[in-house]
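Q: If you scroll down you'll find the structure; I have some questions about it.
Values quoted throughout were computed directly from the atomic coordinates according to the rules given, and no laboratory measurement underlies them. Since the model is a prediction, treat every value here as computed from it, not as a measurement. Here the Cβ positions follow ideal geometry from the backbone for every residue, glycine too, while neighbour counts run over all protein chains shown.
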Amino acid sequence: MWIGSQKAMEALGVKIAACLRAGDCVFLIGDLGAGKSVLARAIGRALGVAGPMPSPSFGLLIPHEGRIRVNHFDLYRLEDYEEFLAAGLEEALLDECAVSLVEWPEILGGQAPVPRLEVRIAHTGEPDAREVSLLCIGMEDRSCEF
Ligand SMILES: Nc1ncnc2c1ncn2[C@@H]1O[C@H](COP(=O)(O)OP(=O)(O)OP(=O)(O)O)[C@@H](O)[C@H]1O
Ligand SMILES: [Mg+2]
């Protein structure tokens, strides 16, 4: 889908949040500056996170308490799944009481949790527009309207 502005991206985050449940995972896939953090913040806000949601880049994981827990990951700096395990991040990713928002999830490979929503964000020729695609995996038990 065509997302014409940051505001439209934030509105998409509200719609995504409306169909999420504790135990779900959202993969945020896209290049540097695509808008993964912008979308993660919008989802977090809509899930009731009140404070700031800084980028977890150096912390790898920042947990937030909203109406449900929101675990915001940024795995950019990790080389592979072994490093993910060594960093002790698996428990938070699989937390049944939280929604996990994962920037740079590619290193999870075959270990990607289900249910999950994969969001792909691509730059376009226009500076404030993005092309976004959404793929639900193991979320057949609910109806999501994006
Ligand atoms: N339609 C849009 N959706 C999202 N962000 C947009 C849009 N248009 C412009 N922007 C801008 O693009 C930037 C996106 O930054 P953001 O930190 O969300 O990217 P990111 O994908 O998380 O990058 P990184 O890989 O560095 O974590 C912000 O400066 C934001 O204002
Ligand atoms: Mg980011």
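Q: Provide, in order from the shortest bin, the percent of all Cα-Cα pairs of the range 2-137 in each 10 Å bin, continuing until the bin that contains the maximum pair distance.
A: For the range 2-137, the binned pair fractions read 13, 47, 34, 6 percent.
Q: Here's another thing I want to ask about it. Which distance in nm do the two modelled labels at Glu96 and Met1 give, with both placed 7 Å along the Cα-to-Cβ direction?
A: Going from the Glu96 label point to the Met1 one covers 3.1 nm.
Q: Let me have the relative contact order for the range 2-137, percent, based on Cα pairs under 8 Å that are six or more residues apart.
A: 34 percent
Q: Quick one: length gained pulling Tyr81 to Thr124 fully straight, 0.36 nm per residue minus the C-alpha distance?
A: Separation in residues times 0.36 nm, less the Cα-Cα distance, equals 12.4 nm.
Q: Quick test of your reading: applying the under-4.7 Å Cβ rule, which cysteines of the chain are isolated?
A: Cys25, Cys97, Cys136
Q: Hey, could you pull the Cα Rg and Dmax for the range 88-146, both in Å?
A: 13.9, 39
Q: For His72, list long-range residues whose amide hydrogen, built 1.01 Å from N in the peptide plane, is under 5 Å from its own amide hydrogen.
A: Counting only residues 5 or more places away or on other chains, the set is Ile62, His64, Leu101.
Q: Please list 3J(HN,Hα) in residue order for the range 84-91, calculated via the Karplus relation 6.51 cos²θ - 1.76 cosθ + 1.60 where θ = phi - 60°; whole Hz, with x for glycine and proline.
A: So the J values, rounded to whole Hz, are 4, 5, 4, 7, x, 9, 5, 4.
Q: What ranking of His64, His123 emerges when the number of other C-beta atoms within 10 Å of each C-beta is taken as an exposure proxy, fewest first?
A: Starting with the residue having the fewest Cβ neighbours, the order is His123, His64.
Q: Next question, about the same structure. What is the distance in Å between the Cα centroid of the range 106-125 and that of the range 79-105?
A: 13 Å
Q: Show me, for the range 134-145, the HN-Hα J-couplings you get by feeding each phi into the Karplus relation (A = 6.51, B = -1.76, C = 1.60, θ = phi - 60°), rounded to Hz, glycine and proline as x.
A: So the J values, rounded to whole Hz, are 10, 9, 8, 10, x, 10, 5, 7, 9, 9, 10, 10.
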